[in-house]
1. Which whole-Hz couplings ³J(HN,Hα) result when phi for each residue of the range 189-194 is put into the Karplus expression 6.51 cos²θ - 1.76 cosθ + 1.60, θ = phi - 60°, listed in order with x for Gly and Pro?
2. Over the alpha carbons of the range 57-144, what is the largest minus smallest coordinate on each principal axis, giving the biggest first in Å?
3. Once the Cβ-Cβ distance between W466 and A212 is put in as r, and R0 is 25 Å, what FRET efficiency do you end up with, to the nearest 0.05?
4. Pull out the extension gain between E119 and N132, defined as 0.36 nm times the separation in residues minus the alpha carbon to alpha carbon distance; nm, one decimal.
5. How long is the gain from A422 to K348 if the chain were fully straight, where each residue apart is worth 0.36 nm and the alpha carbon distance is subtracted?
6. Counting only protein chains, not ligands or nucleic acids, how are C414, C478 ordered by accessible area (probe 1.4 Å), most first?
7. Leaving ligands and nucleic acids out of the surface, order D23, D310 by accessible area at 1.4 Å, largest first.
8. Using the Cα atoms of the chain to build a convex hull, what is its mean projected area in square nanometres?
Amino acid sequence: MQLNNSALWKTCSFINGEWVVSDSTYQIKNPANQEVIADVCEITSSQLEQAITTAQVALKPWQDKTVDERAALLRSWEQLILNNREDLAAIMTLEQGKPGSEAVGEVVYGAKYIEWYAEEARRINGAVLPVNQSGRRALVLSRPVGVVTAITPWNFPGAMILRKAAAALAAGCCFIVKPSELTPLSALALAELSHKAGIPAGVFNVVTGSNAQAIGEVLTMHPLVAKFSFTGSTPVGKKLLSQCAFTVKKTSMELGGNAPFIAFEDADISAVVKGIMGSKFRNAGQTCVCANRIFIHKSIFDEVVSLLKDKVESLIVGPGSRPDTHIGPLINSEAVEKVEGLVNLAIKDGARIVTGGKRVKGEGHFFQPTILTGITPEMEIFNREIFGPVASIIVFDNEQEVIQLANQTPFGLCSYAYTQNATRIWRLSEALDFGMVGINEGVLSNPSAPFGGVKESGLGREGGSWGINEYLETRYVCIGGIG
Ligand code: ADP
């Protein structure tokens, strides 16, 4: 692969400002054709220990920098990321599969978080409190939590790291991330740029390895780690949360979703179709905020399904490296099997295929963009996160019924509703039991907004002032003897 900046191609962990090799490696494969693209180092247990202890040492000098210095370093990192966006996107497409335009979009989106948090670093304020005894003063300080570890998924190999790291570094924390074993190359390229930007050794570190469980145990249980931040599936998140309990770590958990997308009888139908296309088919349906259960009012059902069918059938499936591709491969063969299994089971239980429904034969992990109707709440596909390009459609009749069905899930990440009725918009904003509600919008995330879920979708928020607070502790200081 030809990069303009060949220094971005890195294949071993980045610890304390150095590239750290090991004897043992594992293979990274291109999901579009299963070719091996890199051999990446397995981190050793002593290297992992070193990552944590050196990050601890790097804390004080990083916190001693003025906010202007920290913000300037973050802004140079952001600028280098933007300058190298085409290369970063090419690496991402190679290891993850998403179309080039989506990969560039992810790089720019991730860089926006650095920009936002470089500015927000200036607004980490404390307080001076009224006191009830003379000779005393009472203060509240916002202190960085300390060493932060993170584990991130493969679906957004760059942005899920930057969303966390930007806030953590701005707050004055040092950060160690284990990217998904499937997509470490994007993370390592970001580390190279952090180094070039002048971010000091030990402040931003990337550890690579295929043994997620063993690495995860250290990152969640090490006593020098103050905070753990995770994005991934709910079952793994629950396990990691329990591991964090041993040392009572602060945690952030961005876990799975089962997003309802509701189109009411008074919705703008073209906006509904656009919203479904954006929310469902982006990243081949592999996002935790993808519309997972699409509820269409019976009075507009036929029209929406017919328009949607035309759009879905015009999607081009292929390698993300081709400029005309809309839908890239799924991440691996297990992902294709899971989606295929859910579709087949739904059909057996009475669902109908409007279009698609099958894996694409040949090399790579491709699945046809699919529309299923006749979905009911009893079906497996209604209750599981699909994580593939399958629009699963349910017909409904009234508002109360659809709100109850939408909330009928242990998940609570994102929800969407399309309506022109202002009073209904208020009711939905309050009644939908999700951390995020998109009204007449299918793609919501932005750096100033709190991204995160309720129920089994997680703890904490990323983005905005809520995101930086995840990396700060509140400290009460009482000064006596003042006279
Ligand atoms: P997904 O279903 O999206 O792949 P996972 O939760 O399996 O989500 O993976 C998200 C991240 O969690 C990845 O970096 C993966 O390596 C890591 N992971 C998976 N299982 C474990 C585990 N048992 N302990 C620690 N990390 C894990």
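The values are calculated or read from the model by the stated rules, or taken from the named source; none is laboratory data. Owing to the predicted nature of the structure, the values given are computational and were not obtained by experimental measurement. Note that each Cβ is placed from the backbone with ideal geometry, even for glycine, and that neighbours are counted across all protein chains shown. In case anyone asks, the SASA skips ligands and DNA or RNA and just uses the protein heavy atoms, side chains included. Shrake-Rupley method; radii C 1.70, N 1.55, O 1.52, S 1.80 Å.
1. Per residue, the Karplus-derived 3J(HN,Hα) values read 5, 5, 5, 4, 6, 5 Hz.
2. Each principal axis gives a Cα extent; for the range 57-144 these are 65, 23, 21 Å.
3. Values: r = 28 Å, r/R0 = 1.11.
After rounding to 0.05, the efficiency reads 0.35.
4. So the extension gain works out to 1.1 nm.
5. On the way: separation 74, 0.36 × 74 = 26.64 nm, distance 4.00 nm.
Full extension from A422 to K348 adds 22.6 nm.
6. Output order, biggest surface exposure first: C478, C414.
7. Sorted by accessible area, descending: D23, D310.
8. Mean projected area for the chain: 24.4 nm², to one decimal.
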